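Reading through the structure tokens given below for one structure.
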Amino acid sequence: MSNKKSSSTAVNLISGGTAGLFEALCCHPLDTIKVRMQLHRKTGMVKNPGFITTGIQIARKEGITGLYKGLGAVVIGIIPKMAIRFSSYEFYRGLLKRPDGSISTSSTFIAGVGAGITEACAVVNPMEVVKIRLQAQHHSMSDPLSAPKYRNAGHALYRIIVEEGFSTLYRGVSLTAARQATNQGANFTVYSKLKEYLQDYHTKNGNGGLVPSWQTSCIGLISGAIGPFTNAPLDTIKTRLQKETKSSNPNDAVLKQSSAQRIMRITRELIKEEGFAALYKGITPRVMRVAPGQAVTFTVYEYVRGMLETMPVFSPQQATVFDE
């Protein structure tokens, strides 16, 4: 770990928000395809559609813009999500540092887990409930006569709170927290260690430890691909859970179920009806979204941060943001 002065809070906020925005704009269609695949229920001997078929079906029936359903909810939550992710990671890492200022691999992982749980509870879960409700709608966004239940992110948020209560925004929060914890734990650990290796390599070769953008993208891609494979079942169950509304489950016994009971019911139904492999529905578009998404996030973050730090208006403070 170097003692290089790093970005101020303002720089981290702007860099993180910009990186998240670019990630959302580039990768959201794959997220919509993933959600549709996870919500699809197998009937008879008909095979579940693949991610290409699902994407084509959405584009044909609902227009190309149908692939961007729920984007508003994502964009609204991106800046606070990224701000909380990076700032909480730095906070937890600061608590876990050794007296000499270094930090172990296990502590880096724990700090990433803490950041994932924090962002899940503060921003991600409510944002995903709204996003999934919008993505689950099969109306055509190009047809003015096709009236959806939720018109946009704001309208969806309002109707969910009024009709189902504020607590609905936190349905599945335990699964979201577990998913984000494993994602960010692996993400920050792998990224930090790979970047540290590359910085050492470039230092030895007389490049001042500067890591080229294309290498930042590569290590972001690698670090981002690990999480989805470890927590795909959690993500599939979470999607089914957050999509449920009161009207989709009129049974009083179902409505009275606790979160744990709902999770167990959805898991049993999914495995019984479609087999264990159904827990990994949407894994292809999810990896295709998350891995490049992290590559975009880290690359844009590093680029924007470097650009902002050259501006006199921002005064760097002594910190350690990714200066491994």
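Here are the numbers for this structure:
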{"quantity": "Unique residue being at pLDDT 85 or above and either hydrophobic (A, V, I, L, M, F, W, C) or touching an Asp or Glu at 6+ places or on another chain (Cβ under 6 Å) (or both) when the list is Ala111, Ala147", "calculated": "Ala111"}
{"quantity": "Test: residue in the range 192-200 that is under 25 Å from Gly306 (Cα atoms) and under 19 Å from the mean Cα position of the chain (by Cα)", "calculated": "yes"}
{"quantity": "Only one of Ile64, Ile79 that is exposed (fewer than 15 other Cβ atoms within 10 Å of the Cβ), in contact with a helix residue (DSSP H, G or I) (Cβ under 9 Å, 6 or more places away or on another chain) and aliphatic (A, V, I, L, M)", "calculated": "Ile64"}
{"quantity": "Residues that are without any contact (Cβ under 8 Å) to a residue 24 or more places away in the chain and under 23 Å from Ser107 (Cβ atoms), drawn from the range 192-207", "calculated": "Tyr197, Leu198, Asp200"}
{"quantity": "Tabulated pairs, the range 90-111, first open to solvent by 30 Å² or more (accessible area, probe 1.4 Å), second outside any loop (DSSP other than H, G, I, E, B), C-beta under 6 angstrom, 6+ apart or interchain", "calculated": "Tyr92/Ala111; Tyr92/Gly114; Leu96/Ser107; Leu96/Ala111; Phe109/Gly185; Phe109/Thr189"}
{"quantity": "Near pairs, Cβ below 8 angstrom, 6+ apart or cross-chain, from the range 165-179 (assigned to a helix (DSSP H, G or I)) to any residue that is basic (Lys, Arg)", "calculated": "Leu175/Lys238; Thr176/Lys238; Arg179/Lys238"}
{"quantity": "Counted residues, the range 196-247 - those being open to solvent by less than 60 Å² (accessible area, probe 1.4 Å), polar (S, T, N, Q) and not in a helix (DSSP H, G or I)", "calculated": "1"}
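The values are calculated or read from the model by the stated rules, or taken from the named source; none is laboratory data. Not measured: the values here are computed from a predicted model. In this analysis, Cβ positions are derived from the backbone assuming ideal geometry, glycine residues included, and neighbour counts consider all displayed protein chains. All accessible areas refer to the heavy atoms of the entire protein, side chains included, with ligands and DNA or RNA removed. Shrake-Rupley method; radii C 1.70, N 1.55, O 1.52, S 1.80 Å.
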